[in-house]
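The values are calculated or read from the model by the stated rules, or taken from the named source; none is laboratory data. Note that the structure is predicted; figures quoted are calculated from it, not measured. Here Cβ is always computed from backbone atoms with ideal geometry, including for glycine, and neighbour counts include all displayed protein chains. Note: accessible area is taken over every heavy atom of the protein model, side chains too, but ligands, DNA and RNA are not part of it. Shrake-Rupley method; radii C 1.70, N 1.55, O 1.52, S 1.80 Å.
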Amino acid sequence: MIDPQTINPLTLPSVSLENRSQLPSTPCVYFAIDGSGVVQYIGQSANPALRWIKHHRLSLLAEMQSVRIAYLS
C-alpha cells in the first residue's frame, strides 16, 4: 500500500492538458497541476485517456496557464 504522504505529484509522469489523449488507458489516480505547481484537482479513473475527453473540469483548467495531468498507476 502506498502512503499518500509520500506522493509528490510534481515528480510523476505527466502530459500537458492539450496532450491529454496520451494519458494511459489503465486505472490510475491523476492530478491536474497548474503552471505554478499547484494541484488544482485530484481524481481517479479506470481509463483516464477516455475520462479526459470531456472532463467536467476541462474548460476551467483550459483557462489556466501550462496545466498538466500527472498520473500514478
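Out of these labelled values of percent of Cα pairs over 16 Å apart, (1) 45; (2) 53; (3) 41, which was calculated from the coordinates shown here? For percent of Cα pairs over 16 Å apart, the calculated option is (3). Counting 0.36 nm for each residue step from A49 to S25 and taking away their Cα separation leaves a gain of 8.1 nm. Taking 7 Å steps out from each Cα toward its Cβ at I2 and E63 produces label points 3.0 nm apart. Each helix, a run of at least 4 DSSP H residues, gives -39500 (n - 2.57); summed and divided by the residues of the chain, these come to -2000 deg cm²/dmol at 222 nm. Average accessible surface for the chain: 64 Å² per residue, computed with a 1.4 Å probe over protein heavy atoms with every protein chain in place. When the residues M64, M1 are ordered by accessible surface, computed with a 1.4 Å probe over the protein chains alone, the sequence from largest down reads M1, M64. The portion of the accessible surface of the chain made up by carbon and sulfur, rounded to a whole percent, is 53 (1.4 Å probe; DNA, RNA and ligands excluded).
I7 exposes around 50 Å² of accessible area when a 1.4 Å probe is run over every protein chain in place.
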